[in-house]
């Protein structure tokens, strides 16, 4: 099997674009990624597209209708919040296996407003609101309270995640919001589901991101190795069976399994990672994933945020993009947008938010249901 490299990658500025269609948004990011490496759609041998909201609409083919229908294979992927990362992984796997030399992965989403999750079957007594809540704010609030019960994590420590990520976003022109949110403002914001206030919840936005993936031989032939990013690991995991109450979604095990497999595949450990873009769909989630990804013991997660170890300039910066809390969370695009962010740092092209000396980065995204995708990337 060949090594696979990211040779082109980009994302649009996240926001709300009611005047554009999903294929138009996806096409915009695809063209930007192609421009990043000086290639054309005619050079691509396959396209992998991640989209959740229009999963049955063959979005990948409609993206090609915008930028050039060349007859190549198109694979459409839907995998909850891990949709974009899964599309990227399928593209990576096709190159890794030698099926293609150069392919493109696109993640795109147009989001509505309001709470994610909830609902349920139409038959019988509805569970939602009677036996608890399946909305994502409630699920991650419960997970946060479990962490607090076991490890003493405080409301203030959870809120500090939002302060950190919103500060990081002020350095990222492609983030939806670029605003400071002082601690008191975060803690006093409208309570959505304790301990997550409104400023501790990810932002529903429209967005797209894309990446061009090449075999090593093809990248060298094209003269693209100088800015290439090696994909050292690409891992997808789901929940194991456990003797537990399955009414309560497990937001931890899937990440723990994927992280262990990713470190093994990449031949590195958590101590080798220079920066992380992880799935901070809620402030509580980020703190949980410090331990799940092995960058600290679970009981030390609160201390990590207190002491600034996960802030820009700290020991292992997390979500320097602003994260989902401030950059935004267009479900189908998030996984590839995370890959764009880490790749930008590994290329030393992140400007004011640059993590100095970054050589190896990790991206993480989790979709409840369950799917967790982790990628370990290295500067070529």
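Remark: spin-label model distance residue 198-residue 179 equals 0.9 nm, labels positioned 7 Å along the Cα→Cβ axis. Spatial offset of segment 318-366 relative to segment 230-295 amounts to 16 Å, using the alpha carbon center of each. Our summary gives the chain a relative contact order of 26 percent, counting only alpha carbon pairs under 8 angstrom and 6 or more residues apart. The order of the peptides 29-42, 142-155 by mean Cβ neighbours within 10 Å, most packed first, is 29-42, 142-155.
D for the chain, whole µm²/s, Stokes-Einstein with Kirkwood Rh over alpha-carbon pairs at 25 °C and 0.890 mPa s: what number? Here the translational diffusion coefficient equals 120 µm²/s. Here the Debye sum runs over all C-alpha atoms of segment 140-274 as equal scatterers in vacuum, and log10 of I(q)/I(0) at q = 0.11, 0.20 Å⁻¹ comes out as -0.67, -1.27. Strictly greater than 19 Å: what percent of every Cα pair in segment 296-353 meets that? Every Cα pair in segment 296-353 considered, those over 19 Å come to 39 percent. Rg then Dmax, both in Å and based on the Cα atoms of segment 193-333: 17.2, 55. By DSSP, the beta bridges lying fully in the chain are antiparallel in about 75 percent of cases. For segment 1-113, the relative contact order works out to 34 percent when only alpha carbon pairs closer than 8 Å and six or more residues apart are counted.
Sequence-distant contacts, meaning Cα pairs under 8 Å at least 6 residues apart, place the relative contact order of segment 195-268 at 30 percent.
Here, each number is a calculation from the coordinates, and none is a lab measurement. Just so we're clear, the structure is a prediction, and the values are computed from it rather than from any experiment. As a convention, Cβ positions derive from the backbone with ideal geometry for all residues, glycine included, and neighbour counts pool all protein chains shown.
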